[in-house]
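Report on one structure; see the data block that follows.
Taken together, the values in this text are just the output of simple stated rules run on the coordinates, not laboratory data. Just so it is clear, the structure is predicted and the values come from calculations on it, not from any experiment. For neighbour counting, all protein chains shown are included, and Cβ atoms are generated from backbone atoms with ideal geometry for every residue, glycine included.
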């Protein structure tokens, strides 16, 4: 039995942040009913991150909405709102990520829903919070990365701002919401009281940078300085970075520069004996390392460094990663099936409980596929099609 079996989550969210939260709750055993707009559904169904279409819809929708039911409902239709509230009356958790004010206009805000269900855990994700000059702006990942300083941490010093290659703020906001919801479910089990869990993408992006921002304040407001070559962390010294070899790339984490010089048979590195040199002279040290490592293969360098317990790794591409024993041992890929029989492979939940993987064979839902069964179960009538 999974830990959240018996819990009901009603999820109104779209895109990535909210659905990533409800996905994790579903993996933990909760029943998740995804409420979608008729005809078009979650806009993520047609939000293509690549030109890959899976079963007529976006690959990202299938990846993030597996193991859920779909209920098509018009939130501007009073009849549908009546039925939605019947559903929420029995729910343990409700999630949305609409902009501030939208749920108030629909009559589905926290203060209204606790009249229907005085013990519900009500979770919401916004872009910028409910106050301030940015509160009505779109909460989109690239925009949040740009506004919160994240883009000045990746890339080399001369590159300008560099965004991360994933929707990292969306995913972290979803993870933060899950933490808040789980804490409030524990509280709910003791008090039977409702709770409002609020997460903003902006606050999430700031929290993600807690090390860098703490350093910024302690360092008199000095901006982070990326290295000119092989930057991997704006604050860490040499050799921290990714370097090209004769046949690929190798990642080097923290380590003594003179020791590295002896192991690599690079005498120039032995000219930097002080610990402070790794920070004060990191650009010139990294340049020496970069030139030297091109003279040998990745495996050659790994064979020298790994036995000496130097933190290093080969830089793998996905095609090589998925065939590697280290990846296959984890059994991270599962196959899931949609209601119409369409199957696809995707990642599983990374959490294990009592040694067991949290997996489910259920794929993403067709839009409105569960309307009839849900309305029957919760005392409504089926009056509209998806």
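Dividing the helix sum by the residues of the chain, where each DSSP H run of 4 or more adds -39500 (n - 2.57), gives a mean residue ellipticity at 222 nm of -9500 deg cm²/dmol.
Placing dummy labels 7 Å off each Cα toward the beta-carbon, the span from residue 357 to residue 77 is 4.0 nm.
For the pair residue 137 and residue 247, what calculated FRET efficiency results from E = 1/(1 + (r/R0)^6), where r is the Cβ-Cβ distance and R0 = 41 Å, to the nearest 0.05? Working from the Cβ atoms, E equals 0.35. Looking at the chain, the DSSP beta bridges with both ends there are about 40 percent antiparallel.
Could you tell me the calculated FRET efficiency between residue 39 and residue 1, based on Cβ-Cβ distance and R0 = 41 angstrom, to the nearest 0.05?
Here the calculated transfer efficiency is 0.65.
Placing pseudo-labels 7 Å out from each Cα toward the beta carbon at residue 256 and residue 372 gives an inter-label distance of 7.3 nm. Between residue 345 and residue 219, the C-beta separation translates, for a Förster distance of 41 Å, into a calculated FRET efficiency of about 0.35.
Just the projected area, averaged over all directions, of the convex hull on the alpha carbon atoms of the stretch 129-168: how many nm²? Could you put the intermediate results ahead of the total?
Numbers: hull surface 12.9 nm².
Answer in nm², one decimal: 3.2.
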